[in-house]
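Working notes for the structure below.
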Amino acid sequence: MNIKKLACACFCLALMSAGALAKENAVETTDFQGVTIAGEEINLSDYRGKVVIVDFWASWCGPCKREFPFLVQLYKKVNKGERQYLEILAINLDGQPEMMKKFLTDLDDEVPFPILTDPEGKLPKKYKVEAMPTTLFIDREGKIRFRHKGFEKDHMQTYISELMALLKEDVQK
C-alpha cells in the first residue's frame, strides 16, 4: 500500500472513530425559540433531522471575524442544489444592533442562514458559552456532538471533518 492510500485510510478511520466517540458523549440539546433579524420565529427543534451548527458570535470578536466568512462558505458548499443538508443558526450577542448590522454588511458574501439576536442574554447561559465564538455541532437527533471555543484557521479542517462525519450518519428511528 503506498503512502497516499495509507494516509487516506488512516484519515478515514480517524474520522469514523471520532464520530463514534463523539456520539457516545453526545449531549441532548435544550430547545430554544428565537427571532431572526428578519422577524421570523425559529425553534431549534424545527431542524430535527438536519445537521445544525449553532454559532454564538459578536461583531467585536476578532476570532468571529475569521470564522463567520468561513461558515458562510461552508454552508454554501454543503447546500448546493435544492436539498439542504446543513442549517446554521448564528446567534448574535452584540448589545448594539447597529454593530451587528455593520458587521454583516461588511462581509463579502450575503449571509444565507438565519441570524438571531438574544438581547436578554439567555441563550449563552443556557448553552454555557464561555468564549467567543462558541460553535456547536448538533446531529440529526438533536444532540450536541462537537463544541468549539474560539476560532483559528487550523480549525477549518476540523470543522469540515466533523461536519462530514455528521452528514454521513443516518437518523435513528
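The values are calculated or read from the model by the stated rules, or taken from the named source; none is laboratory data. Note that the structure is predicted; figures quoted are calculated from it, not measured. Backbone-built Cβ (ideal geometry, glycine too); neighbour counts: all protein chains shown.
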Flag for Lys149 being surrounded by fewer than 19 Cβ atoms within 10 Å (Cβ to Cβ) and either without any contact (Cβ under 8 Å) to a residue 60 or more places away in the chain or within 23 Å of Tyr85 (Cβ to Cβ) (or both) = yes
ask   = Which residues, counting only those in the stretch 71-101, are farther than 23 Å from Gly142 by Cα and of a type in the set (A, V, I, L, M, F, W, C)?
value = Met99, Met100
inquiry  = Checking Arg66 against (1) surrounded by fewer than 18 Cβ atoms within 10 Å (Cβ to Cβ); (2) in contact with a Ser or Thr (Cβ under 8 Å, 6 or more places away or on another chain); (3) in contact (Cβ under 8 Å) with a residue 40 or more places away in the chain, only one condition comes out false. Which one?
reply    = (2)
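Of all helices (runs of 4 or more DSSP H) completely enclosed by the stretch 37-153, which ones contain at least 2 residues that are at pLDDT 95 or above?
Hits in the stretch 37-153: 62-78, 97-106.
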query = Restricting the search to the stretch 127-144, which residues are of a type outside the set (Gly, Ala, Ser) and under 14 Å from Asp55 (Cα atoms)?
reply = Tyr127, Lys128, Val129, Glu130, Met132, Pro133, Thr134, Thr135, Leu136, Phe137, Ile138, Ile144
